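Visitor: Mind looking over this structure? Questions follow.
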Amino acid sequence: MRVPPSSRARAAVRDPIQIISVPIDLGASRRGTDAGPSALRVAGLAQALRDQRYPVVREIDLRAPPAETRDPGDGSRRFKAEILAVCRELAEVTCDTLDQGRFPLVLGGDHSLAMGSVSGVADHFRQQGQDIGVIWLDAHGDMNTPSSSPSGNVHGMPLAHLLGYGDADLSALAFAGAKVRPDRVALVGIRDIDDRERDLIHASGVHTFTMRDIDEQGIASVSRQAIEIVSAGTAGFHLSFDVDVCDPAYMPGSGTLSPGGVSLREAHLILEVCADSGQLRSMDVVELNPFLDQGNVSAETAVSLVQSAFGHSIL
């Protein structure tokens, strides 16, 4: 008997999905990621998940000030005060979402928001005596600190702060200290790393899978290794999906494009393996910039990729 296409092929996530929109672009050098959540709405994200028979509760919309109304302040950590305020609120909302038995799906917005979302997830499981893992899908390492960053853009620093490095305030969201152990982090798809950032990546102990690793080992092997790393001894993992992990040929709508990324099919497989694991506990979708897109194709592609993370399959 033919299964209707709207049926959920795998119970990747059993909890109701709470979409949390975070329209922030203060962490980036190019404006426009604040419109990312709207682009995903226009592309039909919520309905696509409902078509997979997931309950999607009413969305939560956080506020972030526009850059034009604020002074960037310290050039080594631009708009720190505003980003910190947004991330504090997001950490509370994300933790509360998990406390209510809902799955946090956070829509950005630039990648600085992950300091808030991951901190909130870590706080929820910390209260239960458990740790989390993190899969970070990105063209970039996001492991600069204010002292190493060549730009001062905070969206290039979130993973470093989640590991406890860098600015004391940004690394102390939700609770003091690191939010995730480095040996429980898998950084996948990287290909554009700053010189001083490279040193911190090597010293930190995070697991890295560069595009060369993907080329040599294959995306299936890399995906399974990453799942094993972030699941070992944890309550599950957070998936932080920066759309620029994909090659610009498939995902042109981002301000941080880097050629030579994963193909569309490779991206789907990574997310399908995340779904298959049954260990996915929360997710970010970040750095979508519809002003740089072509007819909202990147948002539509992102929606299809999110569906894969929630168990959509070919058959």
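Read the figures in this text as sums done on the coordinates, not as results from a lab. Predicted, not measured: the structure shown is a model, and the values here were computed from it. Positions of Cβ are backbone-derived with ideal geometry, glycine not excepted, and every protein chain shown enters the neighbour counts.
Visitor: Suppose a student asked you for the relative contact order of region 201-310, using Cα pairs under 8 Å spaced at least 6 residues apart; what percent would you report? List each step's numbers first, then the result.
Guide: Working: 142 pairs, mean separation 33.6, N = 110.
After rounding, I find 31 percent.
Visitor: Karplus couplings for region 231-247 from phi (6.51 cos²θ - 1.76 cosθ + 1.60, θ = phi - 60°), rounded to Hz, Gly and Pro as x?
Guide: Per-residue couplings from phi come out as 9, 5, x, 10, 7, x, 9, 9, 10, 10, 9, 8, 4, 6, 5, 7, 5 Hz.
Visitor: Considering amide H positions built from the backbone, and no H for Pro or chain starts, which residues 5 or more places from Ile190, or on another chain, come under 5 Å of its amide H?
Guide: Correct list: Asp138, Phe209, Met211.
Visitor: Summarise the long-distance tail of P(r) for region 33-134 by giving the % of C-alpha pairs beyond 18 Å.
Guide: Values: 2845 of 5151 pairs.
The proportion of pairs with Cα distances above 18 Å equals 55 percent.
Visitor: Do the sum for the chain: with -39,500 (n - 2.57) for every DSSP H run of n ≥ 4, divided by all residues, what is the mean residue ellipticity at 222 nm, to the nearest 500 deg cm²/dmol? Each step should come with its number before you reach the end.
Guide: Working: 10 runs with 109 residues, N = 315.
Mean residue ellipticity, 222 nm, calculated: -10500 deg cm²/dmol.
Visitor: For Cα pairs less than 8 Å apart in space and 6+ apart in sequence, what is the mean separation divided by the residue count of the chain, i.e. the relative contact order in percent? Spell out each step's value before the answer.
Guide: Numbers: 731 pairs, mean separation 73.4, N = 315.
This gives 23 percent for the chain.
Visitor: Moving on to the next point. Could you list Leu62, Leu163 in order of exposure, starting from the residue whose Cβ has the fewest other Cβ atoms within 10 Å? Can you show the working numbers first?
Guide: Working: Leu62 19, Leu163 22.
Fewest-to-most ranking of Leu62, Leu163: Leu62, Leu163.
Visitor: Okay, next question. How much length is gained if the chain between Asp74 and Asp215 is pulled fully straight, taking 0.36 nm per residue apart and subtracting their Cα-Cα distance, in nm to one decimal?
Guide: Numbers: separation 141, 0.36 × 141 = 50.76 nm, distance 3.97 nm.
Roughly 46.8 nm would be gained on extension.
Visitor: Per-residue counts of other Cβ atoms within 10 Å, averaged by peptide: what ranking do you get for 43-50, 84-91, 18-25, highest first? List each step's numbers first, then the result.
Guide: Numbers: 43-50: 18.2, 84-91: 22.1, 18-25: 25.5.
Highest-to-lowest ranking by the protection proxy: 18-25, 84-91, 43-50.
Visitor: With no solvent and one equal point scatterer per Cα, compute the Debye intensity ratio I(q)/I(0) for region 160-233 at 0.11, 0.17 Å⁻¹ and report its log10, rounded to two decimals.
Guide: So the normalised log intensities work out to -0.32, -0.72.
Visitor: Got a sec? How would Val245, Val57 order by Cβ neighbour count within 10 Å, fewest to most? Mind showing how you got there, number by number?
Guide: Details: Val245 27, Val57 14.
Starting with the residue having the fewest Cβ neighbours, the order is Val57, Val245.
Visitor: Next up: In sequence order, what are the phi-derived ³J(HN,Hα) couplings for region 146-158 according to the Karplus relation 6.51 cos²θ - 1.76 cosθ + 1.60 with θ = phi - 60°, rounded to whole Hz, with x for glycine and proline?
Guide: Rounded to whole hertz, the list is x, 7, 10, 5, x, 10, x, 7, 6, 5, x, 10, x.
Visitor: Give the span of region 59-191's Cα atoms along each principal axis, as three whole-Å numbers ordered largest to smallest.
Guide: 38, 32, 27
Visitor: Further question on the same structure: Which values of log₁₀ I(q)/I(0), to two decimal places, follow from the Debye formula for region 17-309 at q = 0.15 Å⁻¹ with a uniform point scatterer at every Cα?
Guide: Debye output, listed in q order: -1.12.
Visitor: Name the long-range amide H neighbours of Val106: under 5 Å, sequence gap of 5 or more, or other chain; modelled H, no Pro or chain starts.
Guide: Ile20, Met283, Asp284, Val285
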